[in-house]
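To keep things clear, I will list the structure first and then write my remarks on it.
The values are calculated or read from the model by the stated rules, or taken from the named source; none is laboratory data. Here the structure is a predicted model, which is why all the values come from computation and not from measurement. When we count neighbours, we look across all protein chains shown, and the Cβ atoms used for this are built from the backbone with ideal geometry, even at glycine. Note: accessible area is taken over every heavy atom of the protein model, side chains too, but ligands, DNA and RNA are not part of it. Shrake-Rupley method; radii C 1.70, N 1.55, O 1.52, S 1.80 Å.
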Amino acid sequence: MTLRDLINKLLGRETASANTARERLQLVLAHDRVDMSSLTTDLLDKMRKEILDVVAKYVEIDFEEVAVSLETEDRMTALVANLPIKRTLSGEIKFKKNDQISKTDKDIKK
Amino acid sequence: MAESTRTILICSGKGGVGKTTLTANLGIALANSGATTAVLDADFGLRNLDLLLGLENRIIYTAQDVLDENCRLEQALVRHKKEPNLALLPAGDPRMLDWMKPEDMKRISELLSEKFDYVLVDCPAGVEDGFKNALAACKEAIVVTNPELSAVRDADRVIGILNTSDIEPIQLVINRVRPNMMASQEMLSIEDVQGILSLPLLGIVLEDEQVIISTNRGEPLTLTESSSPAKNVI
């Protein structure tokens with residue numbers, strides 16, 4: 001590294017390439033690590049059922065409106081669950097609102 | 001001896017990161033410490049372990065000949081002259097690539113385990129059949145990578161596959177490290193690489209011109225008298 005590079009770096013004119021490398025690597029791995037072909041419909045159904053079982057312990061869900069899907073945006077894949085809540089199990093109707101559970105691809109991986 | 005033999009896969013995904021060099025030098029170092037060690041070249045297509053060890057002119061039989069019963073295991077093993085505890089076994093001839101199956105590699109590894117304390121398997125690059133064959137022969141793995149984007153990315157894929165197998169432990173060696181570049185933050189740091197791959201770090205090997213010189217001569221660094229940065233690590 002020349003003196004000029006050092007000054008540039010100290011003045012923040014240019015970011016060190018290791019930072020760029022780290023960011024690019026994290027993005028590309030986030031994509032690589034989710035093997036979409038391994039998430040079959042069967043697996044997604046199973047996951048959906050288990051998530052609903054857990055949530056149903058605490059609140060009553062509108063099963064007709066439930067939607068669980070995988071969405072990919074900006075090279076990140078997310079599991080998006082849309083579970084409309086009818087009422088809490090204490091019996092009191094509080095609200096009907098879309099409750100979103102979002103998991104990053106890291107959580108999906110095994 | 002068979003029970004306690006350690007069969008270790010040396011893999012990387014990407015080619016050219018130093019699998020074969022590490023296998024050769026680790027083999028010599030282990031043999032030098034008194035452990036009987038076999039290095040198995042599982043890279044049929046492009047085998048080079050013989051060259052690095054300076055044994056390229058002494059290969060007569062391969063593991064395939066042993067399995068075909070064309071020869072005994074002892075005949076196929078190429079003993080290193082300067083390091084008698086070390087023996088090389090080439091897996092097979094490039095022309096017979098399709099012949100080998102994971103069960104065959106497993107069988108070879110079992111035969112070697114009867115005679116050696118350590119079996120190091122130099123894995124071919126890639127994640128295809130050659131890798132899967134080599135994988136079947138081992139109980140543990142060392143993943144070699146460089147602090148470079150493409151090498152780390154490929155290592156991550158290999159680790160993904162290893163994680164779905166019975167291989168354990170899986171350890172990391174970061175090779176060709178340039179401390180100056182890391183200090184000026186122009187190279188991924190050890191912490192970056194280890195953090196991203198999340199494997200226990202077995203060791204770091206510095207970039208060292210002596211490695212090229214020793215490869216030219218067919219005398220692994222660990223065999224020579226002189227000291228050098230890369231040698232001292234191993």
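The residues B:TYR61, B:TYR118, A:TYR58, sorted by heavy-atom accessible surface at 1.4 Å with ligands and nucleic acids left out, run A:TYR58, B:TYR61, B:TYR118 from largest to smallest. Ranking B:LEU40, B:ILE60, B:LEU26 by Cα position along the charge dipole of segment B:12-66, where only Lys, Arg, Asp and Glu carry charges on their C-beta atoms, puts B:LEU26 farthest toward the positive end.
In peptide A:15-26, what is the residue-averaged number of other protein chain Cβ atoms found within 10 Å of each Cβ?
For this peptide, the per-residue mean of nearby foreign Cβ atoms is 5.
Taking the Cα centre of chain B as origin and assigning +1 to Lys and Arg Cβ atoms and -1 to Asp and Glu Cβ atoms, the resulting dipole is close to 300 debye. Contact residues in segment B:160-206 (at least 40 Å² less accessible area with all protein chains than alone, 1.4 Å probe): B:SER184, B:GLN185, B:GLU186, B:LEU188, B:ASP192, B:ILE196.
At the residue level, B:LYS115 shows approximately 90 square angstrom of accessible surface with a 1.4 angstrom probe and all protein chains present. Label sites at A:LEU44 and B:ASP93, each approximated as a point 7 angstrom past Cα along Cα to Cβ, lie 5.0 nm apart. Largest to smallest in accessible area, the residues B:THR215, B:THR23 fall in the order B:THR215, B:THR23 (1.4 Å probe, all protein chains included). Find the percent of Cα-Cα distances in segment B:6-233 that exceed 22 Å, and round it to a whole number. That tail contains 48 percent of the Cα-Cα pairs.
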